[in-house]
Amino acid sequence: MSKETTAGITPGDNDTVIKITGLAKSFGTHEVLKDINLELHKEENLVILGKSGTGKSVTIKCIVGLLTQDNGEVKVFDEAVDKLSEDKLKALRIRIGFLFQSGALYDSMTVRENLEFPLRRVLKLSDKKEIDKRVEEILNGVGLPDAIDKMPSELSGGMRKRIGLARTMILKPEIMLYDEPTTGLDPITSKEISELIQSMKQNYHVSSIIITHDIACAKITADRLLVMDAGTIIAEGTFDELEHSKDKLVNSFFK
């Protein structure tokens, strides 16, 4: 693996919120992940860059226990995910936000109801003033206070993505996992979503892994990048370092 020096962003182990060592995963005879090693540090945006089918999404599904690895170890907050009881895994997932490509909104609920749902269901909140306060704060945070009583069908793709992010962030997770956050969006909206991801880190002090093949998104959001190909990490560094890599495959992403 090509690895550049990443001056200024080398926190100690006590700042590590996710640590993956020797991760391997196969489906039947198809080896999807091969010896993946990575760390996510506190209040860091880590971008995993790669083409479709390289194992990026499988990696983050292992992080939240949606998939179990064949070999290796996945630790989140120093806990081995595959060793957690069902109750502890549920508690861990509350601390991790996951933004799906679609935004995964409930079409039969208004924006307000979509945002209230996790507060009532997950956090068991019942105080209307507290719920209203959280909903208002997070809608302001994603820049859509006037969308509160709209239905998802009334929202543009970019607005749906923002509300999907709001619904995840309303639980105040410590880690965010973004799966292709700009897919299907026009360049202007993609830039807005990328800038919103950056503001989430600054305003909520969240640590994030951003799965993408969108180089413009990577440039805006990344403190550090990993490049994946064929189930392995082939390079690591800052955007500027990798943009000037002499490795032809790595350099091809930046053309």
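The values are calculated or read from the model by the stated rules, or taken from the named source; none is laboratory data. Remember, predicted model here, so these are calculated numbers, not experimental data. Quick reminder, even Gly has a Cβ in these numbers, built from the backbone with ideal geometry, and neighbours come from all protein chains shown.
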- If you go through segment 41-77 one residue at a time, how many are charged (D, E, K, R), in contact (Cβ under 8 Å) with a residue 60 or more places away in the chain and assigned to a helix (DSSP H, G or I)? 1
- Note on the structure: When every residue in segment 7-30 that is among the charged types (D, E, K, R) and at pLDDT 95 or above is compared, the one surrounded by the fewest Cβ atoms within 10 Å (Cβ to Cβ) is K19
- Item | Extreme residue, farthest from I175 (Cα to Cα), among residues of segment 92-136 that are in contact with a strand residue (DSSP E or B) (Cβ under 7 Å, 6 or more places away or on another chain) and of a type outside the set (S, T, N, Q) | F100
- Single unsatisfied condition, R112 versus (1) among the basic types (K, R); (2) not in a helix (DSSP H, G or I); (3) not assigned by TED's automatic domain parsing to the domain that holds K25: (2)
- Give me a count of the residues in segment 95-135 that are of a type in the set (D, E) and without any contact (Cβ under 8 Å) to a residue 12 or more places away in the chain. 4
- Quick one: count up the residues across segment 143-192 that are free of Cβ contacts under 8 Å to residues at least 60 places away in the same chain, within 17 Å of I215 (Cβ to Cβ) and out of contact with any strand residue (DSSP E or B) (no Cβ under 9 Å at 6 or more places or on another chain). 8
- Do the conditions hold for F77, that is, is it on the phi > 0 side of the Ramachandran plot and surrounded by fewer than 16 Cβ atoms within 10 Å (Cβ to Cβ)? yes
- Note on the structure: When segment 118-149 is checked residue by residue, the ones that are of a type in the set (D, E) and either under 21 Å from K201 (Cβ atoms) or touching a Cys at 6+ places or on another chain (Cβ under 7 Å) (or both) are E137
